[in-house]
Amino acid sequence: MRKNVAYLAILAIMTLLPGCTKTEITSGCIAFAPVAAKATRAIIQDTTYPEGESFLVSAYHNGTSAYFEGLTATYWSTVNGTKLWETSTTEYWPLEGSLDFIAYSPASVNSTQASERVIIDSEDGVVAEGYTIQNTTQMTTDFCYASATVADCASHPESVPLAFSHALSQVVFRVKAADYYNDAQKAVSLTLKSLSLGGINSVGSFAAGTWSDQSTEYSYPLFGAPSAPISLTYGEGNVPDVIDICAYLYVPQTLGANASITVGYSIVQTVNSSNFTFENAPVTIKLGGAGSAVTQWQPGKKYIYTLSIGLNDLITFTVTADDWTSHEAGVVVE
């Protein structure tokens, strides 16, 4: 419960201020200026928190008492070049003490993943027990979390900066021809027909910025029927084109012995007007275990798998890890 002094402060401010306007930031309203580390719902690739997105925020007075809890913040206005978000009910600064703010994005995350148990805890911050990713909506919901502290509410900032961090891992798949194979005697056609992941843990628990209890191995179809096959092409100088297939979000985890990627493809050679199918059976490649290029997917990291289809080794792949969190963006809450 809020302290009496806080209630008195709010009543005093409310008698003087009818509410925040969209032309200026008053000294009494609590406003937020959010910054997103490259994404929210749809794995946004720049550093701007989208105006159409909302997040859920709670505040605790002097680190213990709930000042407000579970309020949805949506875009409000741009003031002096700063984009600001407002809560569903107008909240005001207390005259004394500190406020700890905890938030997660998007506010609708509970409706997009099966467990519906994402909460805010005054001690552990954002908590998600049994967070589940098993369909396309869940695979493109960028679960983020943030916290901020204003140590002296008597001299509070005009808006509270909330820096969101990514709780999930982003995994990107690309494909290209391993080499250029056409010459005067033959023409080679390389086609990607299907792509899937297997043995990936789809459930985990999140608290205090870390994951635990990753479980429930699941298979993810990433590409295939009814989508049209992808013909691998070449650019200038017959350099193989790199084609993006998909980018999805997963529960961070250590890649176990069953983690694998299965590639369906075909290679057809045309020699003297006769077609010869070189390979047309799906191939399964281990992703985890000893000797793997990447043994775990970490939160806030982007892993790019580039598959090469060719005539010799047929399929090889490389993987790199980008520091997703190095591209920071901002979020404003009012």
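The values are calculated or read from the model by the stated rules, or taken from the named source; none is laboratory data. All figures in this text were calculated on a predicted structure; none of them were measured in a lab. Because the Cβ atoms are built from the backbone with ideal geometry, glycine has one as well, and the counts that use them run over all protein chains shown.
Some observations on this one:
- Any hit, region 263-278, residues being surrounded by 15 or more Cβ atoms within 10 Å (Cβ to Cβ), under 19 Å from residue 298 (Cα atoms) and not aromatic (Phe, Trp, Tyr): no
- Conditions (1) assigned to a strand (DSSP E or B); (2) surrounded by fewer than 23 Cβ atoms within 10 Å (Cβ to Cβ); number of the one not met by residue 73: (2)
- All told, residue 256 falls short of being modelled with pLDDT under 90 and either within 29 Å of residue 168 (Cα to Cα) or in contact with an Asp or Glu (Cβ under 6 Å, 6 or more places away or on another chain) (or both).
- Residue identified as among the polar types (S, T, N, Q), crowded, with 17+ Cβ neighbours inside 10 Å and either closer than 30 Å to residue 254 by Cβ or assigned by TED's automatic domain parsing to the domain that holds residue 73 (or both) among 159, 155, 212: 159
- The single condition among (1) farther than 30 Å from residue 73 by Cβ; (2) of a type outside the set (Val, Ile, Thr); (3) touching a residue at least 12 places away in the same chain (Cβ under 8 Å) that residue 184 does not meet is (3).
- Checking residue 225 against (1) of a type in the set (A, V, I, L, M); (2) over 30 Å from residue 272 (Cα atoms); (3) crowded, with 16+ Cβ neighbours inside 10 Å, the condition it does not meet: (3)
- Evaluated against (1) hydrophobic (A, V, I, L, M, F, W, C); (2) touching a residue at least 40 places away in the same chain (Cβ under 8 Å); (3) within 30 Å of residue 241 (Cβ to Cβ), residue 107 falls short on exactly one condition, (3).
- When region 78-90 is filtered for residues that are surrounded by fewer than 20 Cβ atoms within 10 Å (Cβ to Cβ) and at negative phi, the ones remaining, listed by number, are 78, 82, 88, 89, 90.
- Subset of region 243-294 (residues that are within 30 Å of residue 213 (Cα to Cα) and of a type in the set (Ser, Thr, Tyr)): 248, 250, 254, 260, 262, 284, 292
- From 234, 180, 220, residue being outside the structural domain of residue 126 (by TED's automatic domain parsing), of a type in the set (Ser, Thr, Tyr), buried (at least 19 other Cβ atoms within 10 Å of the Cβ) and at negative phi: 220
- Failed item, numbered, when residue 290 is tested on (1) among the small types (Gly, Ala, Ser); (2) modelled with pLDDT under 75; (3) under 25 Å from residue 131 (Cβ atoms): (3)
- Residue in region 112-125 that is outside any strand (DSSP E or B) and touching a Lys or Arg at 6+ places or on another chain (Cβ under 9 Å) present: yes
- Residue match in region 191-204 (condition: part of a strand (DSSP E or B), modelled with pLDDT of 90 or more and at positive phi): yes
- Subset of region 165-185 that is in a strand (DSSP E or B) and charged (D, E, K, R) - its residue that is farthest from residue 133 (Cα to Cα): 176
- Total residues in region 252-309, condition among the aliphatic types (A, V, I, L, M), over 30 Å from residue 145 (Cα atoms) and assigned to a loop (DSSP other than H, G, I, E, B): 3
- Single match in 141, 149 (criterion: assigned to a strand (DSSP E or B), touching a Leu at 6+ places or on another chain (Cβ under 8 Å) and β-branched (Val, Ile, Thr)): 149
- Qualifying position, being crowded, with 16+ Cβ neighbours inside 10 Å, within 17 Å of residue 296 (Cβ to Cβ) and touching a Ser or Thr at 6+ places or on another chain (Cβ under 9 Å), among 204, 130: 204
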